[in-house]
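The values are calculated or read from the model by the stated rules, or taken from the named source; none is laboratory data. Everything quoted here is computed from the prediction, not taken from an experiment. When we count neighbours, we look across all protein chains shown, and the Cβ atoms used for this are built from the backbone with ideal geometry, even at glycine. Each accessible area value is taken on the protein alone, full model and side chains, heavy atoms only, with ligands, DNA and RNA left out. Shrake-Rupley method; radii C 1.70, N 1.55, O 1.52, S 1.80 Å.
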Amino acid sequence: MEKSAYKNMWVYIEHDGKRAHPVGLELCCEVRKLCDVTGDKLVAVLVEGLPEEELAKIRACGIDQLLVVSGTGYEAYSNDAYSNLFTVLCRKYNPSAVFVGGTINGRDFAPRFAARLNTGCTSDATELVYNPESGDIEFIEPAVGGKMMAVITVPVLRPQVGTIRPGTFRYEPTGEKPAVEVLHETVDFPVADIRTKLLGFVPDDADADLDLANTDVIVCLGNGLSGPDKLPKYRELAALLGGKIACTRPLFDRGILPFKLQIGQSGVMVKPKLYIGFGISGAINHTAGFAGSGLSIAVNTDPEAPIFGAVDYGIVGDMDEVCDAMLAALKAR
Ligand SMILES: Cc1cc2nc3c(=O)[nH]c(=O)nc-3n(C[C@H](O)[C@H](O)[C@H](O)COP(=O)(O)OP(=O)(O)OC[C@H]3O[C@@H](n4cnc5c(N)ncnc54)[C@H](O)[C@@H]3O)c2cc1C
């Protein structure tokens with residue numbers, strides 16, 4: 001395969017007809033940086049139907065092209081239609097890389113179309129690096145239970161396909177380019193050939209307190225928490241700071257907080273402006289989940305706790321006492 005025949009980097013924009021899923025926007029911002037190094041064009045690919053104000057958010061990421069697809073078969077998500085769509089588009093345009101958000105749908109169809117194109121797909125990457133010597137993208141992801149970071153490449157084949165965990169990158173738009181080329185494609189997939197049937201749609205229990213993705217302030221509780229009776233003071237602290245509480249895995253294991261609040265490699269990846277961790281030892285499985293946050297602070301009785309190596313400020317002390325002191329100081333203001 002002549003790798004140089006494959007050009008430009010694609011980001012798939014998943015949407016529900018009203019809003020673009022944040023992961024597509026996050027990816028556009030990150031892949032923009034890669035394209036600036038490689039000279040590739042950044043192409044956002046989506047099925048038609050997104051309102052203009054959402055398209056503006058995509059253009060603001062500095063994309064070079066918008067590839068808008070219309071056709072039959074895309075009313076509801078199906079593996080059949082989307083695998084076919086990207087197989088057809090990639091055969092026509094020969095992109096060098098295709099980045100897909102690691103959502104339930106993205107993780108479903110990305111490996112399928114990669115297999116049809118006879119190329120490789122890396123799942124659940126948390127870092128993207130361009131290697132100028134090989135010309136390949138290095139998809140970096142936690143492996144062996146988070147004990148090591150695996151660097152995965154697609155060294156021979158193209159396109160390089162990968163799914164990337166939502167929340168890994170920030171939506172930090174660099175601004176719209178003066179000219180964004182808009183391409184239209186019609187790719188029909190016969191509705192009768194879709195092997196899955198949408199019987200109904202039941203939205204997830206939409207509890208705003210469980211959605212950490214766009215939270216500016218996170219008060220994270222670890223195994224140092226003596227029991228659920230202590231939760232109210234941390235909830236109050238989070239509320240006073242305009243944020244939400246989260247936890248490490250042991251608090252979920254102890255049944256104190258739900259899994260959706262677990263931060264880390266097997267939980268949610270967050271990048272708040274302020275992270276305060278109480279009673280957390282600092283295992284990489286957890287700290288990787290808030291790397292790149294604005295300001296980070298940890299409270300621990302053990303001055304040797306590894307968490308102090310992962311945060312900006314450390315407070316050696318009892319977590320409940322420090323929380324009380326913070327509450328008093330905030331209320332006094
Ligand atoms: C494959 C795999 C994936 C994992 N994924 C995740 C993940 O996504 N997220 C995650 O969090 N973990 C994850 N883990 C678990 C992770 O390895 C750690 O076990 C976990 O993060 C430890 O949580 P902790 O720091 O709260 O608890 P501990 O390690 O028990 O630490 C508790 C800390 O609290 C301090 N402390 C105790 N009492 C007080 C007090 N009164 N005041 C102040 N400090 C006090 C102690 O000094 C100690 O440092 C994963 C593990 C594996 C193997």
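Every residue in region 93-135 that is without any contact (Cβ under 8 Å) to a residue 40 or more places away in the chain and assigned to a helix (DSSP H, G or I), please.
If the condition is that a residue be without any contact (Cβ under 8 Å) to a residue 40 or more places away in the chain and assigned to a helix (DSSP H, G or I), then Ile104, Asp108, Phe109, Arg112, Ala115, Arg116 are the ones that fit.
Could you tell me whether any residue of region 175-188 is more than 30 Å from Glu321 (Cβ to Cβ), within 16 Å of the ligand (Cβ to nearest atom) and open to solvent by less than 80 Å² (accessible area, probe 1.4 Å)? Reasoning before the result, please.
Restricting attention to region 175-188, the residues satisfying the condition of being more than 30 Å from Glu321 (Cβ to Cβ) are 175-188.
Keeping just the survivors that are within 16 Å of the ligand (Cβ to nearest atom) gives none.
Scanning region 175-188, I find no residue that is more than 30 Å from Glu321 (Cβ to Cβ), within 16 Å of the ligand (Cβ to nearest atom) and open to solvent by less than 80 Å² (accessible area, probe 1.4 Å), so the answer is no.
Looking at Val88 and the list (1) surrounded by 19 or more Cβ atoms within 10 Å (Cβ to Cβ); (2) β-branched (Val, Ile, Thr); (3) assigned to a helix (DSSP H, G or I), which single condition is not satisfied?
Among (1) surrounded by 19 or more Cβ atoms within 10 Å (Cβ to Cβ); (2) β-branched (Val, Ile, Thr); (3) assigned to a helix (DSSP H, G or I), Val88 violates only (1).
When residues of region 261-291 are filtered for being in contact with a Cys (Cβ under 8 Å, 6 or more places away or on another chain) and not small (Gly, Ala, Ser), how many remain? First the steps, then the outcome.
Within region 261-291, the first condition is being in contact with a Cys (Cβ under 8 Å, 6 or more places away or on another chain), and the residues that meet it are 261-263, 275-278, 280, 290.
Those still in the list that are not small (Gly, Ala, Ser) too: 261-263, 275-276, 278, 280, 290.
The qualifying residues number 8.
Where in region 236-333 are there helices (runs of 4 or more DSSP H), lying wholly inside it, with at least 3 residues that are more than 10 Å from the ligand (Cβ to nearest atom)?
Numbers: elements: 249-253, 284-287, 319-332.
Here the list reads 319-332.
What do you reckon, is Ala97 in contact with a Cys (Cβ under 6 Å, 6 or more places away or on another chain) and under 23 Å from Val151 (Cβ atoms)?
Values: in contact with a Cys (Cβ under 6 Å, 6 or more places away or on another chain): no; under 23 Å from Val151 (Cβ atoms): yes.
The answer is no for Ala97.
Only one of Leu327, Leu257 is modelled with pLDDT under 95, out of contact with any Ser or Thr (no Cβ under 8 Å at 6 or more places or on another chain) and open to solvent by less than 20 Å² (accessible area, probe 1.4 Å); which? Outline the logic, then answer.
On the way: Leu327 fails: modelled with pLDDT under 95.
The match here is Leu257.
Which of the residues spanning region 203-235 are of a type in the set (Ser, Thr, Tyr), surrounded by 13 or more Cβ atoms within 10 Å (Cβ to Cβ) and either outside any helix (DSSP H, G or I) or not assigned by TED's automatic domain parsing to the domain that holds Met319 (or both)? Reasoning before the result, please.
Applying the first criterion (of a type in the set (Ser, Thr, Tyr)) to region 203-235 yields 215, 226, 234.
Still in the list and also surrounded by 13 or more Cβ atoms within 10 Å (Cβ to Cβ): 215, 234.
Result: Thr215, single match.
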